[in-house]
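Remarks on the structure that follows.
What follows draws every value from the coordinates through simple rules; no lab data is involved. None of the values given here were measured: they were computed from a predicted structure. Cβ coordinates were reconstructed from backbone atoms using ideal geometry, including for glycine residues, and neighbour counts include every protein chain displayed.
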Amino acid sequence: MLNPQWLRSFVVLAETGSFTRSAERLGLTQAAVSQHITHLEEALGPLLIRRPRQIELTPAGRALLAYCGELEQADKRLQARLSDADTDSGTVSLITPGSIGLALYPVLLDLQQAHPGLVIRHRFAPDSEARDAVLQNSYELGVVTLKPDDSRLAFEPFIEEPLELIVPAGAQVTGWEDLAGLGFIDHPDGQAMATRLLSRWFPGNPGVRALPFQGFVNQIGLILEPVARGFGFTVLPRHARLAFARQDAIRVIDSGQAVVDQLWLIYRAEWPLLARAQRVVAHIRQAAGIGHRV
């Protein structure tokens, strides 16, 4: 690793062409500047041809000067990425459950379209993966359904999202027997969601595992397709249902007893969010009405 002070002395010497003027600009003695160049030449070979009133860079010297220019540009890029002043450019990364992600992503694209300097990275993932991604600094922001208990994570309420019991359009559900007749369409969070909702609506029921199993889908946009075709029922958050194109092929059963999931925004607790990330969160809340039940 080349000493940054040596490199700085070399760049100024290349600019001024004089050890004396270089020393004056750097606030060093001429002997110190000369020593810096000697150290570099010991490491890299001859860099200068010294003449009575000027210096000339060797090919190695020109290569080193170009390298110093690349370092300066890299430093500027790093400072720009770390800067907390510019909210209109840079990358913001967000990892969320699929359902709320279906609602958030168009809002994020609207923001990126209005501010082309912003780059949005958005990924759908279950709770455990979202939590780990934020802890490993792979993503700056995450949304999870379970309130975290890890001291490395800061969290705040983000949105309340109702769970919905969704059946084929022509189906009638008045009791547990009707659900058993339809059968259950499972998905990665299906049994957990169904257990929370059905235990509230049908106290004392034998449990979702006792229902006929009619299929499993792990793509959020496709979970309602077998329901729309009459293969069974499922339980999903509202945003997943709203994103489904064939609304006329499904219906929501309303028991009058809302079962609501509280979603949490998470990020690392050890350092503050960058200004652009704070702007993204504020934009989402305002554009999507987040912070209120939807």
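The table for this structure:
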| read-out | value |
| --- | --- |
| Helix axis angle, 190-201 relative to the chain longest principal axis, alpha carbon, degrees | 50 |
| Trypsin sites (Lys or Arg not before Pro) within region 1-78: DSSP coil, no more than 16 neighbouring Cβ in 10 Å | Arg53 |
| Mean Cα-pair separation over length for the chain, i.e. relative contact order, pairs under 8 Å, 6 or more apart, % | 22 |
| Cα gyration tensor category, rounded, prolate or oblate, for region 133-181 with a/c compared to 1.5 | prolate |
| Net charge over other residues, Cβ less than 11 angstrom from the Cβ of Asp150 (K, R count +1; D, E count -1) | +2 |
| Percent of C-alpha pairs per 10 Å bin, region 1-132, short to long | 11, 28, 18, 12, 15, 13, 3, 0 |
| Relative contact order of region 9-83, defined on C-alpha pairs under 8 angstrom at six or more residues apart (%) | 25 |
| Average projected area [Cα convex hull, region 73-188], square nanometres | 10.9 |
| Cα gyration tensor shape for region 157-245, rounded if a/c is under 1.5, else prolate or oblate | oblate |
| Added length on full extension, which subtracts the Cα-Cα distance from 0.36 nm per residue, Ser128 to Leu146 | 5.5 nm |
| Backbone HN-Hα couplings from phi across region 40-54 [Karplus 6.51/-1.76/1.60, Hz, Gly and Pro as x] | 5, 5, 5, 8, 10, x, x, 10, 10, 10, 8, 10, x, 10, 7 |
| Percent RCO, i.e. relative contact order, over region 143-287, from Cα pairs under 8 Å lying at least 6 residues apart | 44 |
| Descending semi-axes in Å of region 139-294, equivalent ellipsoid built from Cα gyration tensor | 33, 17, 14 |
| Global form of the chain, assessed from the alpha-carbon gyration tensor, a/c cut-off 1.5 | prolate |
